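Report on the structure given below.
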Amino acid sequence: MQYIIVGAGPSGVIACETIRKLNQSAQITLITGQSEPPYSRMAIPYFLEEKITESGTHLRHNSEHFSSLGIIVINEKVNAIETSKNFVRLADGTELGYEKLLLATGAQAVSPPIDGIHLDNVHNCWTLEDARNIASKAVAGSSVVLMGAGFIGCIILESLLKRGVNLTIVEMGDRMVPRMMDDTAGGLLKSWCESKGVRILTSEQVTSINDADSSDQKPLKVNLKNSPALPADLVICATGVKSNIDFLKGSDIAFDQGIIVNEFLQTNIDNVYASGDVAQGLDFSDQSWHVQAIQPTAVEHGRIAAINMVQNNSCKHHGSINMNILDTMGLISTSFGQWMGIEGGQESILLDKKNFRYLNLQFKEDCLVGISSLGHTQNIGVVRGLIRGKVKLGAWKERLMKDPSRLMEAYLASL
Amino acid sequence: MEKSLVINPDNCTGCLQCEMACSYENEGVFNPSKSRIKVFTFHQEGRFVPYTCTQCADAWCQQACPVDAISLNLVTGAKEVNESSCVGCKVCTISCPFGTINYNQSSGKVIKCDLCGGDPKCASACPTQAISYVDADQTGLDKMRKWATETDHASTNTPANA
Amino acid sequence: MSWTGKLLRINLTSGEITTEALNDQWKKDYLGSRGLATKYLSEEIDPACDPLSIENKMIMATGPLTGTMAATGGRYVVVTKGPLTNCIACSNSGGFIGAEMKSAGWDMIIFEGKSPEPVYLYIENDKVELLPADEIWGTSVWNTDEWLHNKHQDPLLRIAAVGRPAENGCLYAGIVNDLHRAAGRSGVGTVMASKNLKAVAIRGTLGVGNLTDPEAFMKAVNEGKAVLADNPVTGQGLPAYGTQVLMNVINEIGALPTNNMKDVQFDGAHAISGEAMSEPRKSDGRPNLTTNAACFGCTIACGRISTIDQGHFSVKNKAKYWGNSGGLEYEAAWALGADNGVDDLDALTYVNFICNEDGFDPITFGATVAAAMEMFEAGDLTLEQTGGIEFKFGSAEALTQSVELVALGEGFGQDLALGSKRLCEKYGRPELSMTVKGQEFPAYDPRGIQGIGLNYATSNRGACHVRGYTVASEVLGIPEKTDPLTADGKPGLVKAFQDITASVDSSGLCLFTTFAWSLENIAPQLQGACGNEWTVDYLLEVGERIWNMEREFNLKAGITSADDTLPPRLREEAAKTGPAKGMVSQVEAMMPEYYQLRGWSEDGKPTDATLIRLGLKG
Ligand SMILES: Cc1cc2nc3c(=O)[nH]c(=O)nc-3n(C[C@H](O)[C@H](O)[C@H](O)COP(=O)(O)OP(=O)(O)OC[C@H]3O[C@@H](n4cnc5c(N)ncnc54)[C@H](O)[C@@H]3O)c2cc1C
Ligand code: SF4
C-alpha cells in the first residue's frame, strides 16, 4: 500500500507513525514544503525565549527517526493534486502516485491588508523562519509592537518580554484572547499583564505602518486609529491564521474554510483524508464542523485519519474538544469546550480578583460541557475526561455548584 | 512480565506516606504538593483514594507533546518526561483525560509518574498495601484503561502487522 | 537540620507581619514544638497576665520532624497561657496543617496583640496576609472551613479555625484543624478568638528537607515504621479500634470513672466501646465506624471516621450530620458516655461531631455535664436554672441538648461553657468538679491506676493523661508492667514518662508511637534529621528541662504546691467495685518523693541546683 502524507506538522507526523504501527509493510512518504526537519510551531515561543535551540523545536529528536521507520521524507512543496489519477505534483514537477493520501498542510498566518504590512521589520510569528527573524530583531531595549492579543499573541508575549523588549500590544477587540476567555478572565489577564509593565491597547487598530523619518529614533512608525503613532523597531503581526488550501484550487477536493471531511476525516474523495489545521473537523461540543487550529486536535485527527486509512474507516471521530492552556508570565489560564456556556445550561463560578483566581464551570444537566479558569493547573486534564466522557455527575453536580474547585473529587467519584 | 501499580482505595488511610516517598525520590524533599501520586479525601464518604498515572498504552500526553519530550521506557512500560526536552507548554496536561500529568511551576516543566524506574517508592512506603506493584495482568487498572479507550473509540493498542 | 529556621510574628494589633530567624541556641536546648514554643512564650509574656488579655500571646509551632516522612510526623502544638487553668497551655494536634505550615517554610507562628476586626491568617509559602473574617465570624469551624476553601478555590488548603464557643468565651474552646483534629484542651481556642483571629489557612509547597544525614534518616524512618507495624498496639489495636480499644480494658480493671467519678465501672461500657463501633447497628445495619484514618505521615491510623444512624433522634431531619466525620476517641467516648452514664453510641458520636463542628473540648464538656448531672440529682441545680433540661445520669437527651446550647452559647449552655470548676463553684458544690488546676481529667480513675493520679496532679497544663501516660506501664505493660494499684515506684515512673513525653512532643511526632517506640527508636530519626547530638540521654535532659521550664512558668503564674492535688472524692471516697475496690488515690503520699526526684523543694519549687543543672538559670 502506498501512502502519501502532505505536511510534516504534528498531524502529519503522528499519522505517518500510526500508519507504520498498524502496517509494517506500507510505503509511507511524508512531503513537507519546508526545508527544516519536521518541527513544531508550538515550540516557537520557547525558541524565542531561548529556552531551547532550533533543534529543540523538532517534532522528533532522533535524526534517524523517520528513516528508521521506513518513512521517506521529501522536502518539497505540493503544488497540485490529481485525484482522478491518484498522484500529487510537487513544485519541481515530480509526480508521485498514491493509493491513500492524507492532507495535513496546516495553516498559515494572515495579515490585515494595511499599508506597510510587507515592510522589512514587520513579521508574522508562525514559522521557524518568522521566529529566526524575530529573534534577530527583538533585542533587549528594542521597541516591539504586537498586533493582536489572541491566543498566538498571548503565547509569545512572555517570550518577547523575556528578551527584554519594550512591548506594546494592540488589539482590535475589547479584551485579550476573546476566543478563549470571557470578559472576566480576559479583563483579569489584561490587568495582570499591565501590572507586569506591558502596555495593552484594546479596542484599538493599526491603520498603517511606515518607515520613520530620519529624525525618528526608531525605524518604524505604527499608526493607530485612536491614539498617537507608536515608534517601533519591530512589528509582529499575530492577527489570525487560515488553512493552507490554496494548492487545492483546481482539484476536485471540496473545501470551505478548511478541507471538508466526514467523521472518518475522509474528504469527498474516498482515498483522500485530511487532518489538523487544514481540516474542517468535527467539534465535540456542538457537533459543528470547523477548523480548531490547536495542537491536540491536530494530533487526534492525524491518528484517527491514519487508522481509517489503514483499517477502512473503522474508527469514528466523535469530535475534538476545543481546549487551550496559556501561561502569561506565570498566570495560567485554560479553556475547554463550551466555556461560554450553552442555552439552558447552568454555571458555577468562583472569582477571586485580588489573587487572579477564577473558575467557571458550565453544565448541561449533570454533565460538564466547558470550563474556563485562571490560576488552576492541578489535575486539569480531568476536565477533558469529564467533557469527553459525558460523565454524569449525579450528586456531585450539586456539590460542584457549591464549590467548583472540587472538580477532581467529582471526577474520581464518577470514575 | 511488565508490572504495574495497583491501587486499592479500601486500604488507604490517607496518611500520605506515598506522597512523601514520591516527592522525596523526585524532588529531594518531602513535599506532597509535588508528588506524582495524590491521595484524594472524600470526607463525606469516609474514603481515601490514591491516584496516579496508569501508563496508558496510547498515552495522550505523549502524543500531544509537540517536542517529543515524553517517551516510553521499554523496560517498565512507563511514559517518562524528558526534562531536558520539555518546554513546559502544558499541552500534555490538558490532553491527559485523567489529569495525571501536572505542571510544576518551580521547574517550568511537567511531572508525572515514571514508576521510579521500576521500583516505585509509593508502593514501598504504603503501610497498608493500598498501593502495590505487581504483574500487569492481575491489575484492576484495566478498568481505567478501558475507559481511556472508550472516550475515543480509537485505540491503536492492537498488535502491529495488522 | 530539618527545622526551616524561620518563624512568623503576627502582630494582630497593628497588622504587622514580620519574619525572624529561629533562635539557634533555644532550638538546641528545647528541640521544637512544645519545648521551643514554651521557651518563646516564657520569654515574651508575663506568666501572671490575664490569659484573655492583649498581653497573652499564642504560638503555633511544629517540631523538626513535622512534615517529614517519619511516621506520625505531622504534629503541631498551640502554646499559650490557658484561660481554663491560668497555667501554661499546650495543646497538640495532628491532621495535616502542621506539616503544611512546615512545608510553607515556617517552624512557628507567634500571634500577639489583638486585631481590631475579625481576621484570618492566610499563608501561601512566603505570602502571608491577614484578611477580613467578618463573613465567617459567628459561624462554626465547619462553615469557616468550607468558606475558606471556596474563597481561595483550593481544596488542598489546610485550615485551623475556632468556632462560636471560642468567640463567646467558652473556656475550653479548642482550635480545630482539618475538620476534626483539634488542639483541643485548656481553652487555646478561646485565646485565639480573644485576639479576633478566626482561622489560619495554609498552603505550603516548598517541602521539608534539609536533613543532616538523609540516608541515616530514611533508614531510621523505615526501621521505625517496621516497629510500629509489628507492634500489637500500634500495628493492630489502634488501627482496628482506635484509642477506643481501651474502653473495655479500663472498665475491667475498675478504672473507668463513671457518673462524675462516683463509680469506677460502667455497665454500658461495651455499648460505647471500640468493639461496639465496629458492630452493625440494629437500626440501619451499618456499623458506626466506616474506616480508620491517618494524620499526616502516620502509619498507625488510629483516627475514627464514623456515621450516625440517620434515624437516630439526635440527627433526625439534620442531613448535615448524615455523612461521615471524625468519630469517637476513647477520651471523648468516656467523658461523654461513661462519665454521664450514657451508653448511646450514636448520641455520643453526634455530640462529638458538634464538638468538632464548633470547636470545643469533649473531655471538659462531658465532665462538666457530668458535674451538672450530679448537682441536678442532688438538688443543687433546678429545672429552672437548667432551662428545663433534666440533667439525670444516663440521659442522652440532656447531653445532646447541652452540646447544642454550648455550641450556640445559649441558655444554660453559658454556664456549661465555663467548665466544671466554675460551674460547681457557682452552684455551691466546688468539690464536685473533677479537675486539677481547673482542668477536667480524662478517662482513667486514679483510684484504680495510682500513677496516673500523680501525673494528673502534677501535670503542668492541669489534669491531663498525655503529659505522662503511665497507663502504658500500669495497664498495658509498656515498656514494662507495673501494678496499677500500688503507689510504690510511681513517682519515678511518672517523672520518666513526663520527661520522655516532653521531648517526644517537641520533636513533632505523635505520642502514640511510644506504645511501640522508645527513645531508642526516636533518637536515630532525630539524629538523621537534625544531627548526632540528639542522643537518647540528651533527649531525656531536654524533656526534663522543658518540664521544669513549664513548672517555672506556672509558679510565676501563681500556682503553688497546694494545686498539685486531686479533688477530695478521689482521695477520700473509695472505689466501690472492681479490682480497686476499697482504694483511694494515694496522691498525697506520693508527692514528696516526686518533688524530691524532680529536684524540687518541699513546696514544689525547682531548687537552684536543679535549675542550674538544666541550664534554666545562669
Ligand atoms: C507560535 C505558536 C504557538 C502555538 N501554541 C499553541 C499552543 O500552545 N497550543 C495549541 O494547541 N496550539 C498552538 N499552536 C497551534 C499549533 O501549532 C497548530 O495547531 C499545529 O501546529 C497544527 O498542526 P498541523 O500539523 O495541522 O499543521 P502545521 O503544524 O501547520 O503543519 C503543516 C505542515 O504542512 C506544510 N505544508 C503546508 N502546505 C504545504 C504544501 N502545499 N506542500 C507541502 N507541505 C506543506 C507546512 O510547511 C507544515 O510543515 C501554536 C502555533 C504557533 C504558531
Ligand atoms: S509540557 Fe513538556 S512534556 Fe508536556 S507537552 Fe509541553 S513540552 Fe511536552
**Item:** the range B:81-128, subset in contact with a Ser or Thr (Cβ under 7 Å, 6 or more places away or on another chain) and under 26 Å from C:Met218 (Cα atoms), residue surrounded by the most Cβ atoms within 10 Å (Cβ to Cβ)
**Value:** B:Leu115
**Item:** Conditions (1) closer than 24 Å to C:Pro47 by Cβ; (2) in a helix (DSSP H, G or I): number failed by C:Gly604
**Value:** (2)
**Item:** Selection within the range C:269-283 - part of a loop (DSSP other than H, G, I, E, B) and in contact with a Gly (Cβ under 7 Å, 6 or more places away or on another chain)
**Value:** C:Ser283
**Request:** Inspect the range C:110-120 for any residue being in contact (Cβ under 8 Å) with a residue 40 or more places away in the chain, buried (at least 24 other Cβ atoms within 10 Å of the Cβ) and under 23 Å from C:Gly5 (Cβ atoms) and give the result as yes or no.
**Result:** yes
**Prompt:** How many residues does the range A:135-158 hold that are more than 19 Å from the chain's Cα centre (by Cα) and either open to solvent by 20 Å² or more (accessible area, probe 1.4 Å) or closer than 20 Å to A:His58 by Cα (or both)?
**Reply:** 7
**Item:** strands (runs of 3 or more DSSP E) within the range A:256-351 that include 1 or more residues away from ligand 2 (no atom under 16 Å from the Cβ) and closer than 25 Å to A:Ser25 by Cα
**Value:** A:272-274
**Request:** Please give the number of the condition A:Phe356 fails out of (1) at the interface with another protein chain (Cβ under 7 Å from one of its Cβ atoms); (2) open to solvent by 30 Å² or more (accessible area, probe 1.4 Å); (3) within 27 Å of the chain's Cα centre (by Cα).
**Result:** (1)
**Prompt:** Which members of the range C:234-293 meet the condition of being under 30 Å from B:Thr128 (Cα atoms), open to solvent by less than 40 Å² (accessible area, probe 1.4 Å) and among the polar types (S, T, N, Q)?
**Reply:** C:Thr234, C:Thr243, C:Gln244, C:Asn248, C:Ser273, C:Asn288, C:Thr291, C:Asn292
**Request:** Look through A:Ser67, A:Ser63 and report the one residue that is more than 10 Å from ligand 1 (Cβ to nearest atom), modelled with pLDDT of 95 or more and surrounded by fewer than 22 Cβ atoms within 10 Å (Cβ to Cβ).
**Result:** A:Ser67
**Request:** Filter the range A:43-60 for residues that are open to solvent by less than 50 Å² (accessible area, probe 1.4 Å) and either within 13 Å of ligand 2 (Cβ to nearest atom) or assigned by TED's automatic domain parsing to the domain that holds A:Ile152 (or both) and give the result.
**Result:** A:Ala43, A:Ile44, A:Pro45, A:Tyr46, A:Phe47, A:Ile52, A:Gly56, A:Thr57, A:His58, A:Leu59, A:Arg60
**Fill in**
Looking across the range B:26-49 at residues that are facing chain C (nearest Cβ under 7 Å) and part of a helix (DSSP H, G or I), the single one that is nearest to C:Ile305 (Cα to Cα) is B:Ser33
**Selected residue (only one of A:Gln2, A:Gln34, A:Gln24 is more than 16 Å from ligand 2 (Cβ to nearest atom) and within 14 Å of chain B (Cβ to nearest Cβ))** = A:Gln24
**Asked** Only one of (1) on the phi > 0 side of the Ramachandran plot; (2) part of a helix (DSSP H, G or I) is not met by C:Asn86, so which one is it?
**Response** (2)
**Request:** Being within 8 Å of ligand 2 (Cβ to nearest atom) and more than 11 Å from chain A (Cβ to nearest Cβ) is the filter here, so list the residues in the range B:59-88 that pass it.
**Result:** B:Ile70, B:Val81
**Fill in**
Scanning the range A:366-389 for residues that are assigned to a strand (DSSP E or B) and open to solvent by 10 Å² or more (accessible area, probe 1.4 Å), the one farthest from the other protein chains (Cβ to nearest Cβ) turns out to be A:Val369
**Asked** Just wondering, is there one or more residues in the range B:50-67 that are open to solvent by less than 10 Å² (accessible area, probe 1.4 Å), outside any loop (DSSP other than H, G, I, E, B) and either farther than 26 Å from A:Val13 by Cβ or more than 16 Å from ligand 1 (Cβ to nearest atom) (or both)?
**Response** yes
**Complete:** Filtering the range C:292-306 down to residues that are of a type outside the set (Ser, Thr, Tyr) and within 7 Å of another protein chain (Cβ to nearest Cβ) yields C:Asn292, C:Ala293, C:Ala294, C:Phe296, C:Gly297, C:Cys298, C:Ala301, C:Ile305
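The values are calculated or read from the model by the stated rules, or taken from the named source; none is laboratory data. Quick caveat, the model's predicted, so the values are computed rather than measured. Note that we place each Cβ from the backbone using ideal geometry, even for glycine, and neighbour counts take in every protein chain shown. These accessible areas exclude ligands, DNA and RNA; they are computed on the full protein's heavy atoms, side chains included. Shrake-Rupley method; radii C 1.70, N 1.55, O 1.52, S 1.80 Å.
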